[in-house]
Each structure stands twice: as C-alpha cells, then as structure tokens.
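Following: one structure in structure tokens, then a few remarks.
The values are calculated or read from the model by the stated rules, or taken from the named source; none is laboratory data. Every value quoted in this text rests on a predicted model; they were computed, and no experiment measured them. Cβ atoms come from the backbone with ideal geometry, glycine included; neighbour counts cover every protein chain shown.
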Amino acid sequence: MARINKSTPAAVVFAAAIVTTLGCAPAAEPPDTIYFGGKILTMAGDEPAYVEAVAVKDGKIVFAGAEAEALQATGEATRLRDLDGAAMLPGFIDPHGHFMFALNMVNQVNVASPPVGPCVDIPSTVAALEAYRAKAGVPEGGWIVGWGYDPERLAEGRHITKKDLDPNFPRHKVMLIHVSGHGAVLNSRALEWAGIDETTETPPGGVISRLPGSNEPAGLLMETAYLPVMAKLPRPGESELLELMKPAQMMYASQGYTHAYEGFTHLKDLRFLRKAAEEGRIFLDMTALLAFTEAAEWMGNPEYRFGEYRNGLKLQGVKFVQDGSPQGKTAFMTTPYLTGGPAGQKDWRGEPTQSSEEFARQVKKALDAGVQVFVHANGDAAIDQVIEAVERAGVTAAADRRTVVIHSQFQRPDHLDDYVRLGLTPSYFTNHCFFWGDVHIENLGRERAEFISPVKAAKEKGLVYSNHTDFNVTPLDPMFVVWTAMSRESRSGRVIGAGQRVDAYTALQGLTSGPAWQLFEENRKGMIKEGLLADFVILSRDPVTAPVDEIRGIGVLETVKEGKTIFRAE
C-alpha cells in the first residue's frame, strides 16, 4: 500500500484500505481522527510497545494497532493526521505540583538562580526586585514578591536578611519565596505586616531566623512560621485570576501535560477553581488535594465529594505536610545535618510538622473516611512517621488505598519493603539530583545523597511510582524530568547515585502510567489503549531511542486533550 498522508482524499484512503485488508468491512461510525506515520509509544506494559496508528472518536481512543486496519474505518469527515516521523505518547500527567502558583507567578519576580533565573548573588537579587518595582510601577506600601529564591546558589553563601533589603525598599513590602515553597525572607515592612517581631515565639515545627546576638527577626521564616503568612498574602482579584486561567494552563499544555495538580488546596482556592470550572475555563484535567490544616471544615461535609470530575476538576484526597525541604534543611532526618540548621542550629535533624501521635490520628481519620491520603515526606524520619501512621490505621496493600508519599526523597533501602507491604506509592523528585545534588552531599553526606529518589530500586520492588517537578520549585519541563531520572547529574556534573539511573521508558512511566495509577485512573488515561482518553503529546523525537545527552533537546510539537489540539508549536 502506498504511503498515505494528510492531504490524501478520504475516498482514496478508504478504497486503498479496503484493498489492503482484503475486504474487511469498515466501522459503522468512522473515527474523528486517525494518527499514523510516526513512532506511537503506548506506555502499556513493562517494556516499550508501539502501534502504527491510533483512531479517535468522541475524545476517546477507539483503535490502536496496524495502520491499514485503522485506515479501513476512514469516513468522509475523518481527519488524517500524519505524524511525519514524530513520536506520539500519552499526554503527560503532572504527578505533583501547585497550579495556583502558576496564577500567582504572573505578578511575581523571578529571583531564581541559573538556569532558571538571573540571580547569582545578593546584588543581582536586589537588582531583579528593583527592575520589577520600576516596570510594574509598584506604589509605596505595595508588595514585591519574588519566587525561586535559593540561598545555596548565591555567591555569599548565606540567606538574605532584612538588612540586605531594607535600604532599597524602605517603603515597600518584600517577600522572597524560598525555592522549596516552604519559607520566605521578608523585609522589615513585610515582617511588620505579618506581626512578627522580637516578642514572637517560634512555633513548633517552624523556624524564625534571628539577627546575631538578639531575638530580632532577621527575615527568614520557614515551615509553620511561614504557612500562616503565606496564607494571608494578598493576591489578584477573582476576575483577574479567572482571566489568568488560560495562560496558566497553557504553561502546562506547552510542555505536553494534559493533567495538572493543585497540590495543597486551601478552601478559598477550591472555591475559585470551582467557579472557574463552572464557567468552562478548565480545559485540562485538574486534581486538587485539600489542605489537612482545614480538615475540620471539609472532612465529612457532603459539599466536598472526592473522586469525580466536575467540569474538569476533581477532588482527589487530603494533603499532609509532615516535614520540610532538604535544600532548606527542614526535612526531618534520623541523623543530624552535617552543616547545622537553617538558622545555625547545632545537631539539627529538622522537625516534623506534627507529633507522630497527632499525625497518625489524622491519617487514620482520613483513611477511615475513605479519603485518599497524600503525605509530603522528604526526610527518612518523616517517612518513618508515614509508615507508622498507616500501620496504626490498619491499612495494608491488600486494601488498595494507594497512599502517595510525595517526594519520598531520603528513603532508606529498608523503607521499600514497608511501601510494598502497606501499599504506599512514591512520587519522586529526581530533578533534585541536578538542582541540589551537590548541596545534599555537603549537607547529608554522599551515602544518603546518592539514594535520593531511588526510582530503580523502587521499580525492582514492584512499586508503581511517579516523578514530578513540584512546580514552581523546578520548571515544568518533562524532558528535564526524564533526563534527571536517566543521568542523575548535578550542576557540577557529578553523578548522584549511579546505581539508581534508569532507562528512558522507566523514566517516562513516571509521567504517564505511574501517576495515572496513583490517581485511580489507569483505566482512563496514562496509556494509548482502546477505551482510554485521547490525550496525547507529540514529540520531535522518540525519547526511548535518543541518547541520554540529547533527551533535553526533545521538543513538544503538539498537545492533544480528548482528541482536540490544545497546543501546537509555532
């Protein structure tokens, strides 16, 4: 059969297909679109598998198999999409991130360090803030908020303090959000607004850095000291936020994602997202994890129904945050950090957000109520607490509750068997190998650092896993995620755990079939398979056959949601 392309008349295609297939009858209802002519990777199974063609009808896959058989069903209105050698995969699923951050970033300053942002030292950080103030015309008393602040990448090798910010911003409130999303540095005007001074006690599970030799706040707030401050930070009005829904979702679509996460959803944000959904403004699938801090308001309330989509939005479960970040040195460890704490503490292991007893009580309450549990746990001591809490709740793998341990970064090898036994599933974060691998070796030692996000060991144990960006902690770029899982290279080029490197297919499972399973949606998305949603990403090259050092150069050509193109590269 001659090669058929998208310009071939449908009648010719139909006739050719009939001849080729020896007279097999066409389907009663022709598909809306047929994709063919490329490397179509299904992500179904443990090894790479390809089909020649995919047929789509009413937003779902109705056929995946031989090209001739697919084209047999062509009708007059069927669109033929010749991939022209490009690769097509299931649409990428964001396994964990913070969609609301995408909305807020529009009115914030990029103070990240290269390759994400321009800040290499304190003067360049201040310069970025000043440039934004001038460009945005921020009035006196107004807010200047920066995102991506990473003190580990600044030449001075220390946190910025209010004394660095106050001379340039004596009449503005300034906040630099830590790259982990678990803290911020505030200048004096912002600290005054927050009601934090020398009389403010450091809350349990929190950090308030003090100026040397005094109790005066230096500017840095972390964890429970930061959360209430962030919660009351002013944000754009509802009408402005609604207009930002499309560009925010296009940030995901342009990277091949057909599913986004809002990973710690306050009820005020849920009310906004519901309004956006009711107005038809959500065109991706979007899942929300409700904040454990507000469980008293939503737990058992019939207004909050989990597990079903309403106009693109689904409540998936509850999100607990049980420790902080390893790069911020607030992850809860069983042995001390080698370099002390974020405020200079000695023999510092980090702290849990809640006591083991209270955390276990809340986890059991959620599980007993049938709510899926997601727990942010980075340090091995925090992971110990998750294991203990699920054990005490009486839940094992047989119950199929799919409790997701978000990050699971500093797992110990013995944790993996506990995950298998209890049905815990990790959502890893291999981007840390690049962005903070060198920092983790310095802070925690090589042995602990090299087992970070142990994808290979988890897969060998039979665990289903995902691999996320924690956007906007790191960029959404899915090919960067694949590359870090494969190479595990740090900024300096050092390999962080060579034994945990994986192949491209395993890396891609962390963005497709793995997160679909964690969402209880393995029969809806995450693979190219008959009956599943027609969610696709078309790439410039097949990652499975590309050399590791060329993975990052693979581009997204097109993103398709339920059969409709939502992004096409220019």
For Asp323, which of the numbered conditions (1) out of contact with any Pro (no Cβ under 8 Å at 6 or more places or on another chain); (2) not in a strand (DSSP E or B) fails to hold?
(1)
Exactly one of (1) part of a loop (DSSP other than H, G, I, E, B); (2) under 30 Å from Val56 (Cβ atoms); (3) not aromatic (Phe, Trp, Tyr) is unmet by Arg491. Its number?
(2)
Verdict on Met286 being assigned by TED's automatic domain parsing to the domain that holds Val482, surrounded by 15 or more Cβ atoms within 10 Å (Cβ to Cβ) and touching a strand residue (DSSP E or B) at 6+ places or on another chain (Cβ under 7 Å):
yes
Step by step: first the residues of segment 76-112, then only those that are β-branched (Val, Ile, Thr) and buried (at least 22 other Cβ atoms within 10 Å of the Cβ), then the one that is nearest to Trp517 (Cα to Cα). Which residue is that?
Ile93
Kindly state which strands (runs of 3 or more DSSP E) lie completely within segment 55-138 and contain at least 2 residues that are modelled with pLDDT of 95 or more and in contact with a Leu (Cβ under 9 Å, 6 or more places away or on another chain).
60-65, 87-90
Collect the residues in segment 443-496 that are among the polar types (S, T, N, Q) and in contact with a helix residue (DSSP H, G or I) (Cβ under 7 Å, 6 or more places away or on another chain), keeping them in residue-number order.
Ser453, Ser466, Asn467, Thr469, Asn472, Thr474, Thr484, Ser487, Ser490, Ser492
Whether any residue in segment 441-462 is under 15 Å from the mean Cα position of the chain (by Cα) and touching a residue at least 60 places away in the same chain (Cβ under 8 Å) is what I want to check.
no
Could you check segment 139-161 and list, in sequence order, the residues that are among the hydrophobic types (A, V, I, L, M, F, W, C) and either part of a loop (DSSP other than H, G, I, E, B) or farther than 26 Å from Asp470 by Cβ (or both)?
Leu154, Ala155, Ile160
Filtered residues of segment 529-546 (kept if more than 13 Å from Gly85 (Cα to Cα), surrounded by fewer than 21 Cβ atoms within 10 Å (Cβ to Cβ) and in contact with a Leu (Cβ under 8 Å, 6 or more places away or on another chain)):
Val544
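One line per residue, one yes/no per condition, for (1) part of a loop (DSSP other than H, G, I, E, B); (2) touching a Lys or Arg at 6+ places or on another chain (Cβ under 6 Å):
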| residue | (1), (2) |
| --- | --- |
| Ile177 | no, no |
| Ala190 | no, yes |
| Trp193 | no, yes |
| Asp197 | yes, no |
| Pro204 | yes, no |
| Pro212 | yes, no |
| Met222 | no, no |
| Pro228 | no, no |
| Arg235 | yes, no |
